[in-house]
Amino acid sequence: MACPRFYVLAYLVIIVAVLTRIESFSPRARDAILIAALTLLAFLVFMQNAPFTRALSPDLSMMMYAGQEIARGHPPYKYAMIVKTPLTPLLAAAAVLSARPFGADDVNAMRLLFIALAVAAVLLMYLFARDAFQARAVGWFSALVFYELDYAMNTVFGSTSGITGTGSPIRTIPRGFESGSDVAIMCLLGYDPAIYHTGRAPLEAAAQRRMESRQC
């Protein structure tokens, strides 16, 4: 992988080139050029995470399995115990159903959809910041910061890391553990996962039993 300084320098060159050459275009043309540039940059940055070849995190694999079950006609939460809202599995199911007629792999189809959603989030950040501050340059820089932070959080700190009130990154996944909410929550609650963590299944079973006891 190339040095991060190379990417920073490349982005700065592109930023200066784009922002200094679009003033002669109409407002719609400016937005179209910026959105196209942001889409390309976001896609290139997200591809640095090797999204089609890296191992699935426990959370993502569970969401994908739940999506496959929904695609088979089963309702959410019936065969896959997830403690989150069903939006992600529903999106995963939509990706599966859309790709199967073309013979595409289920996992790659879901990964492609999630990459597209990540790129769309960058574009929405540009549009929001542009309208909020009435400046395309602010929207451009806001979008760049947004996907650079996303890339850093997924490569350096893991998908479940958080931000403290002072804006400093924290590590909730000890070295040697797969990134996942089960390990992260144990650390946040003060339990050493090296001693107490035996897998996600006991935690999910305990949560299910707790939910059932509340319904009685």
* Asked: Quick check, is M81 touching a strand residue (DSSP E or B) at 6+ places or on another chain (Cβ under 9 Å), outside the structural domain of A201 (by TED's automatic domain parsing) and at pLDDT below 85?
  -> no
* To do: Just give me the residues in region 163-216 being at pLDDT 80 or above and at positive phi, in sequence order.
  => G176, G190, G199
* To do: Output the residues belonging to region 56-74 that are in contact with a Gly (Cβ under 9 Å, 6 or more places away or on another chain) and either closer than 10 Å to A93 by Cα or assigned by TED's automatic domain parsing to the domain that holds I185 (or both).
  => none
* **Selection count where residues are of a type in the set (A, V, I, L, M) and either over 19 Å from S57 (Cα atoms) or assigned by TED's automatic domain parsing to the domain that holds K84 (or both), scope region 189-216** => 6
* Where residues in region 49-75 are part of a loop (DSSP other than H, G, I, E, B) and modelled with pLDDT of 85 or more, which of them is surrounded by the fewest Cβ atoms within 10 Å (Cβ to Cβ)? -> G73
* Residues of region 98-120 that turn out to be part of a helix (DSSP H, G or I) and either surrounded by fewer than 15 Cβ atoms within 10 Å (Cβ to Cβ) or not assigned by TED's automatic domain parsing to the domain that holds M64 (or both), as a count -> 8
* Collect the residues in region 1-48 that are part of a helix (DSSP H, G or I), modelled with pLDDT of 65 or more and of a type in the set (S, T, N, Q), keeping them in residue-number order. => T39
* To do: Go over the candidates F46, F114 one by one and state the one that is of a type outside the set (S, T, Y) and within 22 Å of R200 (Cβ to Cβ).
  => F114
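If we keep just the residues of region 185-216 that are of a type in the set (D, E) and assigned to a helix (DSSP H, G or I), which is nearest to I173 (Cα to Cα)?
E204
The values are calculated or read from the model by the stated rules, or taken from the named source; none is laboratory data. From a predicted model like this one, the values you see are computed outputs, not experimental measurements. All Cβ positions, even for glycine, are placed from backbone atoms using ideal geometry, and neighbour counts span all protein chains on display.
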